[in-house]
Structure formats: structure tokens, C-alpha cells
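A short write-up of the structure that comes next.
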Amino acid sequence: METTAAMSVAEKALEQGKGILRLAPTWVPRSFCVPGRRIKLHPDDYYVLGGERGGIDERWLSSTTPAKNGPLTGENEGLSAIVFKDGNDEVQFLLKDAVEELKGSLIGDRLWNQYGSWPMYSKFFDNMGPLPHHLHHNDEQAAHIGQLGKPEAYYFPPQLNNHGGDFPYTFIGIAPGTSKEQIKECLMNFTKGDNKITNYSMAYRLEPGTGWDVPPGLLHAPGSLCTYEPQKASDVFAMYQSLVNEAIIPEELLWNGTPKDRIGDYDQLMEAIDWDLNVDPQMMANRFMAPLPVRDVAEMQAAGYVENWVCYKSEAFSAKELTVMPGTTVTIKDSAAYGLIVMQGHGKLGVWDIETPALIRYGQLTNDEFFVSEQAATEGVTIVNPSTTDPIVILKHFGPANPDLVIGD
């Protein structure tokens, strides 16, 4: 990273943005996915990385986590870049590098001292069809392959769900009464065509404007709504379903996340399943998330905005949806650093112009994604909505143990 004698590029960028950093879009392909074409990428660009890489169906947000996409993974794939205007030059450098240099002055001493990194990221996941029934390993299991475990959560933004895709239902967990032997038999039948593991699960219809909590070890087959996914800073997973939408899933993805010396050991795959979590008879009550107002709705409306918690059941992260009404100016305070993506509207966010693009070319910069330092968050971010008709809607993703998150039972 280039530096001047007095101030580094990261310090300059933070000062230029008054504690708010502008981020470039981060596009990620998945070889086993078919893009749902709802994340605003230009129609010509969904396969811009080549057919063997698969279609681009994810945009990663505020990410310091590299994508794990096999031997063809591009340099810095999955990593967010900061955009900094240095005189007439536009400089890009990694958010990961800025966090490592600026430490607590960017993400706050609480997170830096505990994690030494920005410990979460979010993404838009946009698949035309459902994904295979799969799980994410917990910290103990993921450590065997040098990764962290991954809790995640879903929220389905209305702005990105003008259509539901091929299968807007998500299988979650294992039906109560199912035996471990039945699930193990499905895993052992993985290479025999359809292993029929979702015969032992239940599907829930997905509703825009709501979400689900997905802890590690919980089997889930995400449906085809475009999904905003806050998650722990990890990309570990294993696919347990062999046939989805008549497409065969490669066996290597069944063993993804398995230590090399245990590949072929079906007991290891069973160990990754949190059995009690999967057979919970109160699955919807415990995992479904309807939006929760952060404070009294009438008070917020009188001040010109409404803010809801949309992801709030995990200790590893949380997320809010902020709506700023037309023609209003508000100052919103938070107790922790956060990343954000603008979903609707245009206006000002601190010193930055913000706008919601309708179409983005691969490699094009935008004014819709930012990262807010803890100091700027606690001092308050002023948002101006000059429109007479259109609200500004922003999704905000936070790291672990958000001090503002106090949800009653």
C-alpha cells in the first residue's frame, strides 16, 4: 500500500469520507449455480468470467473473507475494495488491508481486540433455482481444515424479489421422527443419482420482507428468492443432496469441509449435523424472523424514518433495515461499526452522494455500498432524502455482539 510520509492511503480515505468508506461491488461466481438475474448486473455480464467458472449469482458486501471457489478462484475473489479519490487518481485497495492497518479506529477496539479482523460479511445470493440441502460446519469442525465455522441468516429484500425464481421454498432441518440411520443411508447413496434426503425435511414458503436464522450444523436447502445473507467470516460448507432441479451435484462438494484423512468416512458427515437443532419441532418459532422495530414506531415515523432489526437471532452478527422518508433529513446513531448497501432511493449519506443503480456492468463502480467506522456510527450518520416521492432504504450489517441488540423473548 502506498503511503505518504504523513498519512497512509487508508487514513486518507477514512478522513476523506469523515469516517465512512466507499466500497466497490464485489462479484462472486459459483460453478454449481444458475444466476437468478436480480442483483442488477448487466445481462451480458453474468458469465463474464467464462462458462467454467459458472454464473455470477452473488455480490459480497463488506467482505474481508476470500471466496473458496476451487483452483480457478481469482485473485482477491470475494474481498471488498475501498474506492479512494486521490487528487485526479482513483485508487482501490482492500478493506481487509485497511482493517489490519487502522484496527480499532475503523472497526472499534471491542471487535479488534477480540477478533483482530472484521469477523463477518454479508452477501446477496441470487439463484434461479433451489440450492442442495447442505450445512455449514461449526468452529470446532471447521478448524480441522483451517477455517472458521459459519452461522448465517437470511433476509429477502422486496426490492430484489420482483419474481420468486423456480422454487421459492426452503427446506430446513430434518423431520422429527427421522432416524440417523435414514440420513446416513442418504449420504451413502450420494453417487447413485437422487439420494432423496429432502424426503426427510420440511419446506417453508419464503416471504419477501422476512428472514430465517441458520446456525452451524443445520441442514437447509435455500429457495430461489434473492437473499441478503449476513454471516460469520467464513466460506465453509458441505452439500448433502445429490440431485437438485435435475442437476447432479459433484461428490467433491459432499466432502467439502472434511479433513483429507476422513474423506470417505460417512460418520464424519453425520458428526457435522447438529441433530437436536435439525429435529426441533418448533423450527419456525425458533428460526423464522419477522422484522422487529428498533424502537417505538410512532416516534421513528415522527422523526422521518423507520428502522427494523431484520437479522437478530445470532451472536455472530446482526442486521437492520433503515427507511428514510421522502423529503426528510435524519441522523442515525449506532454503537458499532457496520457495512451498508443502499436498496432504494438517492440522496446523501454523510459527505457521500448515494444512489441505487438499476444496472451495473462488471467492473463498474457504484455509489450504493459503504462501510461506517465505529466512531462515525456512534457520532451519528446524517442521511438526506431530497426526493418528494421515493424513500431511501438501506440494509446495515454489524459484527458480533452488537451492543444495541436487545431482543426480548
Some residue of the range 277-295 being open to solvent by 50 Å² or more (accessible area, probe 1.4 Å), among the charged types (D, E, K, R) and in contact (Cβ under 8 Å) with a residue 40 or more places away in the chain: no
The range 340-351, subset among the β-branched types (Val, Ile, Thr) and either without any contact (Cβ under 8 Å) to a residue 60 or more places away in the chain or part of a loop (DSSP other than H, G, I, E, B) (or both), residue surrounded by the most Cβ atoms within 10 Å (Cβ to Cβ): 342
Pair list, Cβ < 6 Å and 6+ apart or interchain, from the range 159-184 residues that are under 30 Å from residue 355 (Cα atoms) to residues that are at pLDDT 95 or above and not in a loop (DSSP other than H, G, I, E, B): 159/343; 159/344
Residue 241 being free of Cβ contacts under 8 Å to residues at least 24 places away in the same chain and touching a helix residue (DSSP H, G or I) at 6+ places or on another chain (Cβ under 7 Å): no
Of residues in the range 194-221 being part of a loop (DSSP other than H, G, I, E, B) and open to solvent by 40 Å² or more (accessible area, probe 1.4 Å), the one farthest from residue 133 (Cα to Cα): 208
Checking residue 51 against (1) over 25 Å from residue 11 (Cβ atoms); (2) under 20 Å from the mean Cα position of the chain (by Cα), the condition it does not meet: (2)
Selection count, the range 176-193, where residues are crowded, with 16+ Cβ neighbours inside 10 Å and part of a loop (DSSP other than H, G, I, E, B): 1
Residues that are at pLDDT 95 or above and open to solvent by less than 70 Å² (accessible area, probe 1.4 Å), drawn from the range 85-95: 93, 94, 95
In the range 222-248, residue surrounded by the fewest Cβ atoms within 10 Å (Cβ to Cβ) [restricted to those that are among the hydrophobic types (A, V, I, L, M, F, W, C) and touching an Asp or Glu at 6+ places or on another chain (Cβ under 8 Å)]: 243
Which listed residue, of 394, 383, 354, is part of a strand (DSSP E or B), on the phi < 0 side of the Ramachandran plot and over 22 Å from the mean Cα position of the chain (by Cα): 383
Complete set of residues in the range 20-47 that are out of contact with any strand residue (DSSP E or B) (no Cβ under 7 Å at 6 or more places or on another chain) and open to solvent by 50 Å² or more (accessible area, probe 1.4 Å): 31, 32, 37, 43, 44
Tally, over the range 97-149, of residues that are among the aliphatic types (A, V, I, L, M), open to solvent by less than 40 Å² (accessible area, probe 1.4 Å), under 16 Å from the mean Cα position of the chain (by Cα) and within 25 Å of residue 81 (Cβ to Cβ): 1
Whichever residue in the range 48-60 is farther than 23 Å from residue 96 by Cβ and not in a strand (DSSP E or B) and, among such residues, is most open to solvent (accessible area, probe 1.4 Å): 52
The lone exception for residue 18 - which of (1) assigned to a strand (DSSP E or B); (2) touching a helix residue (DSSP H, G or I) at 6+ places or on another chain (Cβ under 8 Å) it fails: (1)
Yes/no for residue 315 being under 21 Å from the mean Cα position of the chain (by Cα), acidic (Asp, Glu) and open to solvent by 20 Å² or more (accessible area, probe 1.4 Å): yes
Residue under evaluation residue 288, criteria (1) at negative phi; (2) over 19 Å from the mean Cα position of the chain (by Cα), criterion not met: (2)
First in the range 5-27 and more than 22 Å from residue 379 (Cβ to Cβ), second anywhere and assigned to a helix (DSSP H, G or I) and open to solvent by less than 10 Å² (accessible area, probe 1.4 Å), Cβ under 7 Å, 6 or more apart: none
Yes/no for residue 161 being open to solvent by 10 Å² or more (accessible area, probe 1.4 Å) and in contact with a Cys (Cβ under 6 Å, 6 or more places away or on another chain): yes
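The values are calculated or read from the model by the stated rules, or taken from the named source; none is laboratory data. The structure presented is a predicted model; accordingly, all values stated were derived computationally and were not measured. Every residue, glycine as well, gets a Cβ built from its backbone with ideal geometry; the counts of neighbours run over all protein chains shown. Ligands, DNA and RNA are stripped out before the accessible areas are found, and what is left, the full protein with its side chains, is counted by its heavy atoms. Shrake-Rupley method; radii C 1.70, N 1.55, O 1.52, S 1.80 Å.
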